[in-house]
Each structure stands twice: as C-alpha cells, then as structure tokens.
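Chemist: The structure follows.
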Protein chains: 2
Amino acid sequence: MQERKITLTEKEIPENWYNIVADMPNKPLPPLHPGTKEPIGPEALAPLFPMELIKQEVSAEKWVAIPEEVRDVYSMWRPTPLYRAHNLEKMLDTPAKIYYKYEGVSPSGSHKPNTAVAQAFYNKQEGVKRITTETGAGQWGSALSFACNLFDIECEVYMVKISYHQKPYRKLMMNTWGAKVFASPTDQTDAGRKILAENPDSPGSLGIAISEAVERAAKDEQTKYSLGSVLNHVLMHQTIIGQEALVQMEKAGDLPDIVVAPFGGGSNFAGLAFPFLRLNFDEGKNIRCIASEPSSCPKLTRGIFRYDFGDTVGMTPLLPMYTLGHNFVPAPIHAGGLRYHGAGVVVSQLLKDNYIEAVAHDQLECFEAGVAFARAEGIIPAPEANHAVATVFREAKKAKEEGVSKTILFNLCGHGNFDMKAYEDYFAGKLVKHEVTAEEIQASLAGLDTPVIG
Amino acid sequence: MQERKITLTEKEIPENWYNIVADMPNKPLPPLHPGTKEPIGPEALAPLFPMELIKQEVSAEKWVAIPEEVRDVYSMWRPTPLYRAHNLEKMLDTPAKIYYKYEGVSPSGSHKPNTAVAQAFYNKQEGVKRITTETGAGQWGSALSFACNLFDIECEVYMVKISYHQKPYRKLMMNTWGAKVFASPTDQTDAGRKILAENPDSPGSLGIAISEAVERAAKDEQTKYSLGSVLNHVLMHQTIIGQEALVQMEKAGDLPDIVVAPFGGGSNFAGLAFPFLRLNFDEGKNIRCIASEPSSCPKLTRGIFRYDFGDTVGMTPLLPMYTLGHNFVPAPIHAGGLRYHGAGVVVSQLLKDNYIEAVAHDQLECFEAGVAFARAEGIIPAPEANHAVATVFREAKKAKEEGVSKTILFNLCGHGNFDMKAYEDYFAGKLVKHEVTAEEIQASLAGLDTPVIG
C-alpha cells in the first residue's frame, strides 16, 4: 500500500510564523495617507486594529512566536494533512510527482481560520468586545465567526446582499457559531444609508461592505475591524500552512520544484509559498512559486504596479500593489474569494522583483480541472482552489511532454461543499469564458489619479 | 497544550472487519421468504448482490480480512481522528471525559463510504458493470457515487423526489463523481410507472425508491443492487470505525464506560459499538453501548421484535427485527438517515438479549445539543449525529449530578455542511416536537400479518 497522507502530530504544530519581510532584498514601500498622499506610520491603523497586530504589520523580525492559546485552537484541526496525489498522477499519466496540502479540514472548510483565530486572540488580549468584517462568498466571514465564538467576542459580518441571498447556508454557518450577519448595504451605518438612499435595491458590493464594517469599528471604541487577506500580518499568519508542509515534504523525502496556490489578495498563496521562498533566500534553492489567478481578474499578470486604494470607495490608505484599479469590476465568477482588484503589498513587491510567478486561468479550465481532481482524489475543491488545480494540470502535462519528473506541491485551500451551485452551473453549461479585454483594463486604469511608483 | 486529537498512521488502518455474529450467544434468526414465509438461504440474494457479499452476510467467522485495495481507498481519509472534547467538557462543567470519533473527514462527509467502498470493490471483482441504490437525504447515495467512480462502475441513484428537489447540492455531489441521479418515482421502471399512473405528483418515498433500484438490478444481469445499512455485511464493514477507536482509546490511556452512536438502520451504531461489545464478550468488560434514535421513529425503544419487511411495499425477505411496522410513516424530521421503520437483524437480537441499550430524543433536544457542540468544538454536526450528542449531554449531566467521572465515547458520524437548512429551521423556531403517540404505534403494528417471533 502506497502512503497517501503525510501527517504530523499536534506537538509538531509550528511554533513560529515566518515573516518574509525580513528576507526581502527590497522592502515594501510605505502606505500613503489617502488624502495627503504622504507616508503614514502604524499609529494611523490604531482605530481599527489592536496594537499587537499593527506591530506585526510593520515588523521586520524573521520569526514571530505563535501564542500557545492560538496553537491550542489550531489543534482543533491542525496539522492538516499533506497528500501525495497518486490517483491524480495516474489519471494525468505524468512523470510529475504531485502533492497537495489540504486546508479544507478546518471547521469552516478553508485556510481562513489560520488568521481569524490569531486575530481574534490578539483582539481579546486587548479587551476588544466586538469585531466587524465584510464577506463576499462567505469563507472569511465563516472563519471569523468561528474564531470570535471561541474567544467570546461578538462578531458582526457585513455580507454582500446578493451573496447573503444566494448563499444562505454560509450565513447559517456563521449564525450557528453565534455571529450576527447583515445584508449589506444596511440602514445601520452612514455608508449603508447613503447607498440605500441612492439605490434602495442595491445588491451591495465588497467595497460597500468594507465601508460599513470599517465605519462601525471606527465609531466604537470597543469595536475593531478585521481583514481576511492583503495585509502583511494576515499573510504571515497563513505561513503556518507552508511551515507544516516543509516538514511534511521532508518526511516524504522530497522537495518541491514548483509550489502553486490560488491568488485572491495573497494570503492563500503566501501561506504555502513563503516558507518555500525562504529556502530560495536562505539556502539558494530554486523553487518556482506560482500564483494562480482568474483570467477575469488578472491583476498579477495584466495589472500595473502602482499605489492604489484597498477599497472601492477610496477610504483606505494607498498601498503599493499590482492592481487593475480600485474601480475594476470583475465578472461574477463563482470563485468569489479571487475577485479582488489588487494584490497584497508584500506579494506585489516579490512579483515586481521576479521572485515569484503568476499565471491566469479561465473558469472553464478551472472547473474542468476541478471535476477531474474530484474524480481522482475524492475531494471536491472550492472554486478558488480549482485555479491551483488548473495550474498543476498544465505543469504536469508539461512535465510529461518534456519527459522530466517534477515535484509539484499545491494548496488545496478548501472544499466545495458550500459551492455546489457553481458545479451545477458548470455541468449545465452556464459558465462562460471571462477574458478581460485590453480596453477594459486600460479604461479601469485610466481613471486612476493615485501616485505612480517611480 | 492539552492533546486534542489521537491520530493513527495509514499503516495502522485495521486489517480486519469484526463480525459480531461469531460472538453472539443467540445467533440471528433466518430471513423468511416474503411469500412462503419459509426460511431462505443465501442463494435467494444472488440476483441482487455479488457472491462475496452474500458470503459475508451469512458468515460466522469472527474476523474478515479487509482487501488491500479497500484499505488503499480507505487511506484517502482514514484513519479518522479521535477527539478528546476538552472544550465541550468545560462547557458542560462535567467530570465526565468525552471523546468522539469524527467520520466527517471522508470525501462525502460521513461514515457511509466505509461500506460503499467495500461493496463497490466486491462488485468490481465479480465483473458487475452497474450498481443501483436508493437515497433519501443523500448521504448514502453520495458515498456510493464516490466509491463506484473509483472502481469505474456505473452508479444509478434513485433519490426520493422531494429530497431531489430540496437537496440539490447532494445530487450535484453525486453528479460530480459521475453518478446518474433520478428523481423517484421515475418512468423508467414498472414500479415507478405504476406509482406515477396512480399519482403523477407523487413526492416519492424511500420504499418506492428501493423498489425501483431493486427492479432495475433484478432485470439486468450486469447490474447489482446495494444497501447502505441494515444488512449484516454493511454493519460489519463499518466496524473499521470502532477498530480504530479501540487503538486510539488505548493510546489515550483510557477505555470508555459508555459508547454512544446514532441509530437509523444500525450501521452507524454497529460501526463504533461492536468492537467495544467484543471486549464485553471476550474480556468480561462492562461497557454500556447506547443507540440514540429519534423519538419520531422509536423502533428500538417503542417498537416490537417481530418478522417484518425491509421495505414499504413488502418485496424484501422478512427479517427478524425491532420494527414499528413497515407501513409506519415517520414525521419529516431533518435527520433523514434515521427515518427507517426497522432495525438491522443483528442489532435487534443484541437489544432483545440486553447486550445494548437504546434511548430516544426529540429533534429540538438534538438541535439544541448540536448547536452547543458546534460552539464548543467547532464542527457543525449532521442532524443524525446530533442524536448521539444529545445522549452524551444527558450522560455528562448525570455524571455531574452523581459526581462521578465517566468516560464517554461517541460517533460524530458526519458534518452538517449539506444540512444547514435544518439549522435554519431550528433557529427560525420552525421545528416542532414529534412525539409518536401510543395509538399511532398501535395502529401501525395492528396492520402487520407477518410471523411473530415465539
């Protein structure tokens, strides 16, 4: 019997997160004030985040100790299994060896609780009573609801109204863990009321939901705000994934030539890839790390590196990132977690400096790969995860054509149990190609009056 | 950091299933022909099942070797974790130690693939091209679809029409693994056409779906039929759960005083409990094994021990079992997997002989316990699993009142990701108590003209 799963014990849960900023030859550029466009310091974030997370956001320490309380909660589902994809290799008839790290074993079904738990813990430490956030597809809102419940913090989730109605089961999952979920825009914030006054039937958007969640936190001293990707501390918390995978690959007596992960704001990719990039920095290894993005929202492969806002409305600090422009509206693909106009600052700098690669896939290619994966390996992937699967299929075929055995590792970041509607649409032939035209990208970027990076 | 999960490696996947029949002081009574009411032998089952499964059905061997090919597929998700429920113990403020075996990590999300994989394997061995089955809530249909896909066997699932429309995601899961799913009654079988002629708007029932699946298999030499519970071989395949749990409890340095599992047809309960009952038989231990059933379908606690049909229509052999009568129609509770009028033969005999216990819970008590469990332990249980959780809550409270530390182990047989509608109804106050009246049971049993057991 061939071994499929390389597992670790709870004692082997890593004791540190890895902060890649310490190893980056070019450090990230500073954020700018949205009004003055001057560099801002960490204190500007104090109304929204607890101090410990702000410290992590600007830290240049290579290792940050994971608190015992956080490791204890991690042990509810971590260490997660690393799979050798024997069935998939056979199906693809490839000389490549394929491994995947499976994050879908968490209670909310994705990698998101890795940072949600850490964020809830630090908020609790500083006496925060309530955390607000936004959610689109619901993966992030679920994870934060789960985490807040464990630390006895109230959780308020502003869920994009159209998703609220389309994905009632995600909302119910949050309710089961005790969170309050609002269909955004609501009449409970100035931002929401303004939108509703203009358009009572507004279906909402992630931009509006962010505005509501941020306003709520900014106006109440005991309430803070939480973000599920993009920021440095969020990316760092996710490195628990790659830290475990490193040990597991070692146990398997192997080292990846290629590491692949889906790309939304960057935390999914950073989580698996950064600990392997460290080997490139520290040990002169040459591991290719590939970010898989949707061709309907191709900021890494077709965006520009420029200062831009994190939200649609333009309230957040300006961040130096690969962006399609903060007004870019991606097609309504099912991989909701990847429909974001910009990339996290750290990942953007790494791409700019050619330390990582990016590739884009159309949703049809992704679902074709996802269904084939499910039939080979059993697990039905989340639509976001299908992007990584599609990249792996391409690389495995290339290995076959070239007759070389590559070792490929990818992040199976979550299961598709709450996304079966997406598979229904795929089987029914309702999914179409969403290739963005050069004119659309041009038009979105033309409107930007944010600072250019010299 | 306290250890939460007791895990095993793939090498520790048990090599044998345990056949409790070998240890039963009173062996199960024989099935009777539905027409002649004379005892029938295994050959009567040949049109529906492959020979190897029929042999297992009537086997008195204590151990049956698990084929390497089946263990290989098991390794896709097995061994499953055994959890020490630290958070739950704290929440219940009980001196009891609570453990649970979590079967929701399987690709289809429940314990059902344990037998589905074995059944698909033996069918493949004997050249079977197609397997038919019925499904209600969808757990069983999903598991068989998953298993047939891996062994390259066609799978046809007759899904009760009302469930087909209410649970489209379960259907899509089966489709993703390549199965054909029909809304039963269909116009493709005599049984279905007959029902449709009488009532074109029939919502279907498990009884009708069984008739369709059986007819399809009986009429085609290359097609066999598969059942997800009740039969001896199905219960035996599930003992993989308890076999693993035995080793894990030993690793934890503990032995349960009480073992609890939900009860539908018996395979869930048998899976966890039989290997512990073996310790009672072999080593004189005194482990209490409690079956948790819904008070809306209380065959174990309020039914009679008598020969009855396995299906509603009366086509199957007569089986000696605890039953509410094959015409009993349970209330439409969300725990669809527990809505069956009878109990498996082996479990019935064990209950009759006082080797096991049974307890019934109303659905409100079950969901209250399930939500509390989700908030303590993170995992949202399937409605079926909530019955075991409710029993555990009762026993943990009793331990507290009596001031004694009991060790309780239960089967968390699946997650609730596809059952969030049930939680929605619970939160909305739409669930009502379904206590069956004595008159209702009386009326259902009064119609029986099946042989009485002396």
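Chemist: Here are some conditions: (1) closer than 27 Å to A:E10 by Cβ; (2) open to solvent by less than 10 Å² (accessible area, probe 1.4 Å); (3) of a type in the set (S, T, N, Q). A:S292 meets all but one. Which one does it not meet?
Modeler: Answer for A:S292: the failing condition is (1).
Chemist: Can you tell me which residue in the range A:223-258 is least open to solvent (accessible area, probe 1.4 Å), limited to those that are in a helix (DSSP H, G or I) and without any contact (Cβ under 8 Å) to a residue 40 or more places away in the chain?
Modeler: Checked the range A:223-258; the qualifying residue least open to solvent (accessible area, probe 1.4 Å) is A:L246.
Chemist: Follow-up question, since we're still on this one. Can you name every residue in the range B:141-157 that is touching a Ser or Thr at 6+ places or on another chain (Cβ under 7 Å) and closer than 20 Å to B:Q56 by Cα?
Modeler: Across the range B:141-157, the qualifying residue is only B:L144.
Chemist: How many of the residues making up the range A:154-170 are closer than 18 Å to A:T312 by Cβ and part of a loop (DSSP other than H, G, I, E, B)?
Modeler: 0
Chemist: Would you mention how many residues in the range B:1-38 are open to solvent by 30 Å² or more (accessible area, probe 1.4 Å), facing another protein chain (nearest Cβ under 10 Å) and either more than 26 Å from A:P79 (Cβ to Cβ) or assigned to a loop (DSSP other than H, G, I, E, B) (or both)?
Modeler: Qualifying residue count for the region: 5.
Chemist: From the residues in the range B:409-427 that are open to solvent by less than 50 Å² (accessible area, probe 1.4 Å) and without any contact (Cβ under 8 Å) to a residue 60 or more places away in the chain, which one is farthest from the other protein chains (Cβ to nearest Cβ)?
Modeler: B:G416
Yes/no per residue for (1) of a type in the set (D, E, K, R); (2) away from every other protein chain (no Cβ under 14 Å); (3) free of Cβ contacts under 8 Å to residues at least 40 places away in the same chain:
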| site | (1), (2), (3) |
| --- | --- |
| A:K167 | yes, no, no |
| A:V181 | no, no, no |
| A:P185 | no, yes, yes |
| A:L196 | no, yes, yes |
| A:E221 | yes, yes, yes |
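Chemist: A further question on this structure: Would you check if there is a residue in the range B:132-154 being within 14 Å of chain A (Cβ to nearest Cβ), open to solvent by 10 Å² or more (accessible area, probe 1.4 Å), more than 23 Å from B:E384 (Cβ to Cβ) and touching a residue at least 60 places away in the same chain (Cβ under 8 Å)?
Modeler: yes
Chemist: For A:S75, which of the numbered conditions (1) free of Cβ contacts under 8 Å to residues at least 60 places away in the same chain; (2) within 14 Å of chain B (Cβ to nearest Cβ) fails to hold?
Modeler: All conditions pass for A:S75, except number (1).
Chemist: Identify all residues within the range A:310-337 that are outside any loop (DSSP other than H, G, I, E, B), modelled with pLDDT of 90 or more and crowded, with 23+ Cβ neighbours inside 10 Å; write none if there are none. Don't jump to the end; show me each part of the working.
Modeler: Filtering the range A:310-337 for residues outside any loop (DSSP other than H, G, I, E, B) gives A:318-323, A:336-337.
Restricting the remaining residues to those that are modelled with pLDDT of 90 or more gives A:318-323.
Matches in the range A:310-337: A:L318, A:L319, A:M321, A:Y322, A:T323.
Chemist: A follow-up question, please. So, A:V70, is that one open to solvent by 20 Å² or more (accessible area, probe 1.4 Å) and hydrophobic (A, V, I, L, M, F, W, C) or not?
Modeler: When the stated conditions are applied, A:V70 does not pass them.
Chemist: Given the conditions (1) at pLDDT 95 or above; (2) within 22 Å of A:D419 (Cβ to Cβ); (3) basic (K, R), which single one is not true for A:K398?
Modeler: (2)
For every residue, the table says whether it meets (1) open to solvent by less than 10 Å² (accessible area, probe 1.4 Å); (2) away from chain B (no Cβ under 14 Å).
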position: A:A374; (1), (2): yes, no
position: A:I380; (1), (2): yes, no
position: A:N386; (1), (2): yes, no
position: A:V389; (1), (2): yes, no
position: A:A399; (1), (2): yes, yes
position: A:G429; (1), (2): no, no
position: A:K433; (1), (2): no, yes
position: A:Q442; (1), (2): no, yes
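Chemist: What single numbered condition from (1) of a type outside the set (A, V, I, L, M); (2) open to solvent by less than 70 Å² (accessible area, probe 1.4 Å); (3) closer than 30 Å to A:K397 by Cβ; (4) within 13 Å of chain B (Cβ to nearest Cβ) fails to hold for A:K90?
Modeler: (2)
Chemist: For the list (1) within 17 Å of B:P317 (Cβ to Cβ); (2) surrounded by 18 or more Cβ atoms within 10 Å (Cβ to Cβ); (3) over 24 Å from the mean Cα position of the chain (by Cα), I need the number of the one condition that B:G41 fails.
Modeler: Unmet for B:G41, out of (1) within 17 Å of B:P317 (Cβ to Cβ); (2) surrounded by 18 or more Cβ atoms within 10 Å (Cβ to Cβ); (3) over 24 Å from the mean Cα position of the chain (by Cα): (2).
Chemist: The conditions are (1) more than 11 Å from every other protein chain (Cβ to nearest Cβ); (2) touching a helix residue (DSSP H, G or I) at 6+ places or on another chain (Cβ under 9 Å), and B:E69 fails exactly one of them. Which is it?
Modeler: Result: B:E69 passes all but (1).
Chemist: Here's a follow-up. Which residues, counting only those in the range A:290-309, are assigned to a loop (DSSP other than H, G, I, E, B) and among the small types (G, A, S)? Walk me through it before giving the result.
Modeler: Step one: of the range A:290-309, the residues assigned to a loop (DSSP other than H, G, I, E, B) are A:295-298, A:303.
A:S295, A:S296, A:G303 - these are the residues of the range A:290-309 that are assigned to a loop (DSSP other than H, G, I, E, B) and among the small types (G, A, S).
Chemist: Would you say A:M174 is within 11 Å of chain B (Cβ to nearest Cβ) and either part of a helix (DSSP H, G or I) or open to solvent by less than 10 Å² (accessible area, probe 1.4 Å) (or both)?
Modeler: On the way: within 11 Å of chain B (Cβ to nearest Cβ): yes; either part of a helix (DSSP H, G or I) or open to solvent by less than 10 Å² (accessible area, probe 1.4 Å) (or both): yes.
In short, yes.
Chemist: I'd like to verify a number: residues in the range A:371-413 that are in a loop (DSSP other than H, G, I, E, B), more than 25 Å from B:S145 (Cβ to Cβ) and hydrophobic (A, V, I, L, M, F, W, C), how many?
Modeler: Residues meeting the conditions: 1.
Chemist: Search the range B:93-121 for residues being small (G, A, S) and out of contact with any helix residue (DSSP H, G or I) (no Cβ under 6 Å at 6 or more places or on another chain), and hand back the single one that is surrounded by the most Cβ atoms within 10 Å (Cβ to Cβ).
Modeler: B:G109
The values are calculated or read from the model by the stated rules, or taken from the named source; none is laboratory data. Computed from a predicted structure; not experimentally measured. We place every Cβ from the backbone using ideal geometry, glycine too, and count neighbours over all the protein chains shown. Just so you know, the surface numbers come from the protein's heavy atoms only, side chains and all, with ligands and any DNA or RNA stripped out. Shrake-Rupley method; radii C 1.70, N 1.55, O 1.52, S 1.80 Å.
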